[in-house]
1. Can you put 108, 178 in order of Cβ neighbours within 10 angstrom, beginning with the fewest?
2. Computed FRET efficiency, Cβ-Cβ of residue 116 and residue 184, R0 25 Å: what is it to the nearest 0.05?
3. By count of other Cβ within 10 Å, fewest leading, how are 226, 107, 196 ordered?
4. In what sequence, highest mean first, do 150-161, 81-92 appear when ranked by Cβ atoms within 10 angstrom?
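Each value in this text was obtained by applying a stated rule to the coordinates, not by laboratory testing. Given the structure is predicted, the values throughout are model-derived calculations rather than measurements. Here the Cβ positions follow ideal geometry from the backbone for every residue, glycine too, while neighbour counts run over all protein chains shown.
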C-alpha cells in the first residue's frame, strides 16, 4: 500500500507540472499571434539609404524640402537683396524715376554718402539770360533734358551742370556720351566742394524683379548694381 501511495503521488505531480507548462506555451503562442503583421515592402535599411541617397523612400515616408526648412526658419526662398548706386545730379533723377515706376514699396530705401571732392561735366557760364535760354534750347534739341543752372554768385554763376560724379573716369565717360549726341561745349572739371550721392537699397526682391533691374542698370553710365546680404 505504501508503494502504491508513492506511485500515485508521483503521477499527480508529473500531471500537474505538464498542465502548468502547457498553459504557458499556449499563452506565448497567443502573444505572438496578437502582434501586427510586419509589412516587409515598407522596410528600408538605413545603411542602404546612406549608401544610395537617390533610393526612393516609401510613399508614406514624410519628405522635408529646402523650402519647408526655409519657412520654418523664417527665410523666404529665392529672394534677392541689392544695392544700386551711387547716384547724383541727373542720374539720381533718372534712377529715382525708374525705381518709382517699379512700385517696390517698403522693399526700397536709400542712404547717402558724401565725398569731399568730385568731378562734374558742365558748360561754362554764359554771358546773359538770352544766351542761357538759347543754350538750354540747344540741349533740349539734342535730347539732353537733365541739367542744372548754377545760380550762386561767383565764378560759376550761369554755368550749366550736366552731371556730377565721384571719379574723373565716370565724368569723362559721360562727357564722351554727350559729345556723341552733339554737345560740343561741355567740359570735365574738378568740383572742390562736398558732393552728396545716393545709394538705393533693395530688400527682398523676387528673381524676375532683380533681372529687370539688371537690364535697366545697363542704361546708366554710372552706378554699380551688386548683391548684398539680406537684412533679417
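1. Numbers: 108 16, 178 20.
Starting with the residue having the fewest Cβ neighbours, the order is 108, 178.
2. After rounding to 0.05, the efficiency reads 0.20.
3. On the way: 226 8, 107 17, 196 13.
Least to most surrounded, the residues fall as 226, 196, 107.
4. Working: 150-161: 13.5, 81-92: 21.2.
Order by mean packing, descending: 81-92, 150-161.
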